[in-house]
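The values are calculated or read from the model by the stated rules, or taken from the named source; none is laboratory data. On a predicted model such as this, the values are computed, not experimentally measured, just so you know. Heads up, the Cβs are rebuilt from the backbone with ideal geometry, glycines too, and the neighbour counts pull from every protein chain shown.
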């Protein structure tokens, strides 16, 4: 472990002077929230200006070439400048960093995804900005914790604060960001999580609104929801589950077929041409898609036909229905092509847009076949958003609050709860019947709490030091004397510099014990063998337990920079883990 720098020492001195240890997480969550708020402003600004200038300089007939330009630029950057962070894909890898990498996330992710995602969406890529802000927010939290020399628990908490602040700022939805971090990123709910996450979410949202101005994603008048419409809500929930399954399979197929193109630039070329062709036929699929939802909410559906070859269709109910059915079904294809052929982004926004299109399509069908129903189109657009989002992101509670906040439709809480319950229950029912459902690349899974608890254990505290090493030149007699003084059944062999060169177990000695004539001629180097595995001092406890299970061992040697530090036993590791399980507040 490296020595603390002067900033860490100053912080530790300040921390020791605090009588209440909860002040520090409160202050750090605010700092993280403000930094991530600035990050959200930056990525929104990048996307805005790229969209403005890309569209301004490109003739309308050449719009379909813009995604190709974006994919090629992003591919170049990911292969040459951001190669070490190109693999990182949002919530899924944030969870992996918490579980398997001690909540350590590369500093470059604070800004690298802004550039690549900004180029992708700015040039018309059909993905979402949320993967970038989740990656950036998590990187901010992790690196603030590392800079101050904080431990695993507080680094994990600050990662959650960064994610909550990012979603809060981008969507103007502080409760949505707060619940998303709890439901998806952090391991489990504890009361001590509430204040830091709430502070971070509020700080990100306030700063974003202060600089960028108050902006609601969707704001339209809603009529009161009549409970006679509950059957329609249930039907839309079923359709939302089916649509989410269609999305998952579409993303999987796009990833499968595009991965067969091994050359990254050729893959970007194929994907750019394919997406450009889709946009040429269906211009509403250019970019994130929020503009199209706004048009539908404001009864401007004919504006979506502009610049499309399908504008020649007659302005009839059936022709319009066909057009919107086509957009709804092709949107997941455009997203799958975008994300898997060189573009950056996530499935967060596409699930909201696809759900909104599904809700509008459902509304049109109901009005066409059942004109006696007096229903509001905005209501079903918002319900469709929540239904598909809940299934795709495995976050039904987030879906309820996020949609209510971004649409200011708090009066829809009951139907939002109902549709999310229906669609999410059916999703898991179907998955239990058919276990072969493929998860999307960007989807995060529930954290395994046991791995989080294990990673909170410090290897330094678990190491059992053994002061009786032997050298390579030690005799068989010296080895026997040394191992009899130890309470372990393994003996470490070190060189003159204290580096581990091998180990000797009782099994290595047993066959030679009867021949006493060789006690002074056989040396330790003749008896030792290389250990099946070694443990680094800064290695996560989960990896240590995996090694112990894999090689069916009860102890492993621990080294730091090659020098032997002691042994770690499975018994001591599991005993400490059980003590963590019994704590009232197991996290933070």
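Okay, residues lined up against (1) within 24 Å of residue 384 (Cβ to Cβ); (2) not in a helix (DSSP H, G or I):
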{"residue": "242", "(1), (2)": "yes, no"}
{"residue": "246", "(1), (2)": "yes, no"}
{"residue": "254", "(1), (2)": "yes, no"}
{"residue": "271", "(1), (2)": "no, no"}
{"residue": "277", "(1), (2)": "no, no"}
{"residue": "287", "(1), (2)": "yes, yes"}
{"residue": "291", "(1), (2)": "yes, no"}
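Can you work out which of the residues in the stretch 66-78 that are farther than 10 Å from residue 116 by Cβ and touching a helix residue (DSSP H, G or I) at 6+ places or on another chain (Cβ under 6 Å) is surrounded by the most Cβ atoms within 10 Å (Cβ to Cβ)? Taking the candidates together, the pick is 67.
Could you go through the stretch 326-341 and let me know if any residue there is touching a strand residue (DSSP E or B) at 6+ places or on another chain (Cβ under 9 Å) and surrounded by 15 or more Cβ atoms within 10 Å (Cβ to Cβ). Yes, some residue in the stretch 326-341 is touching a strand residue (DSSP E or B) at 6+ places or on another chain (Cβ under 9 Å) and surrounded by 15 or more Cβ atoms within 10 Å (Cβ to Cβ). The residues on offer are 209, 183, and the sole one that is surrounded by fewer than 18 Cβ atoms within 10 Å (Cβ to Cβ) and at pLDDT below 90 is 209.
Among the residues making up the stretch 259-269, a single one is part of a helix (DSSP H, G or I) and farther than 11 Å from residue 71 by Cα: 259. For the structure I just gave you, tell me whether residue 426 is over 20 Å from the mean Cα position of the chain (by Cα) and assigned to a helix (DSSP H, G or I). Considered against the rule, which asks whether it is over 20 Å from the mean Cα position of the chain (by Cα) and assigned to a helix (DSSP H, G or I), residue 426 comes out as yes. Go through the stretch 527-551 and count every residue that is assigned to a loop (DSSP other than H, G, I, E, B) and within 20 Å of residue 452 (Cα to Cα). Qualifying residue count for the region: 4.
The rows are residues; the columns are (1) buried (at least 24 other Cβ atoms within 10 Å of the Cβ); (2) touching a strand residue (DSSP E or B) at 6+ places or on another chain (Cβ under 8 Å); (3) under 21 Å from residue 403 (Cβ atoms); (4) not assigned by TED's automatic domain parsing to the domain that holds residue 346.
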{"residue": "97", "(1), (2), (3), (4)": "no, no, no, yes"}
{"residue": "107", "(1), (2), (3), (4)": "no, no, no, yes"}
{"residue": "120", "(1), (2), (3), (4)": "yes, no, no, yes"}
{"residue": "131", "(1), (2), (3), (4)": "yes, yes, yes, yes"}
{"residue": "139", "(1), (2), (3), (4)": "yes, no, no, yes"}
{"residue": "147", "(1), (2), (3), (4)": "no, no, no, yes"}
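The condition of being buried (at least 19 other Cβ atoms within 10 Å of the Cβ) and without any contact (Cβ under 8 Å) to a residue 40 or more places away in the chain holds for only one of 416, 383, that being 416.
Just one residue in the set 333, 279, 234 is touching a residue at least 12 places away in the same chain (Cβ under 8 Å) and under 24 Å from residue 375 (Cα atoms); that residue is 234. Determine, yes or no, whether residue 556 is surrounded by 19 or more Cβ atoms within 10 Å (Cβ to Cβ), outside any helix (DSSP H, G or I), in the same structural domain as residue 460 (by TED's automatic domain parsing) and touching a helix residue (DSSP H, G or I) at 6+ places or on another chain (Cβ under 8 Å). In short, yes.
Restricting attention to the stretch 344-377, the residues being touching a helix residue (DSSP H, G or I) at 6+ places or on another chain (Cβ under 6 Å), more than 14 Å from residue 292 (Cβ to Cβ) and assigned to a helix (DSSP H, G or I) number 6. Out of curiosity, is residue 456 within 30 Å of residue 102 (Cβ to Cβ), at pLDDT 70 or above, surrounded by 13 or more Cβ atoms within 10 Å (Cβ to Cβ) and in contact with a helix residue (DSSP H, G or I) (Cβ under 8 Å, 6 or more places away or on another chain)? So residue 456 fits the description; yes.
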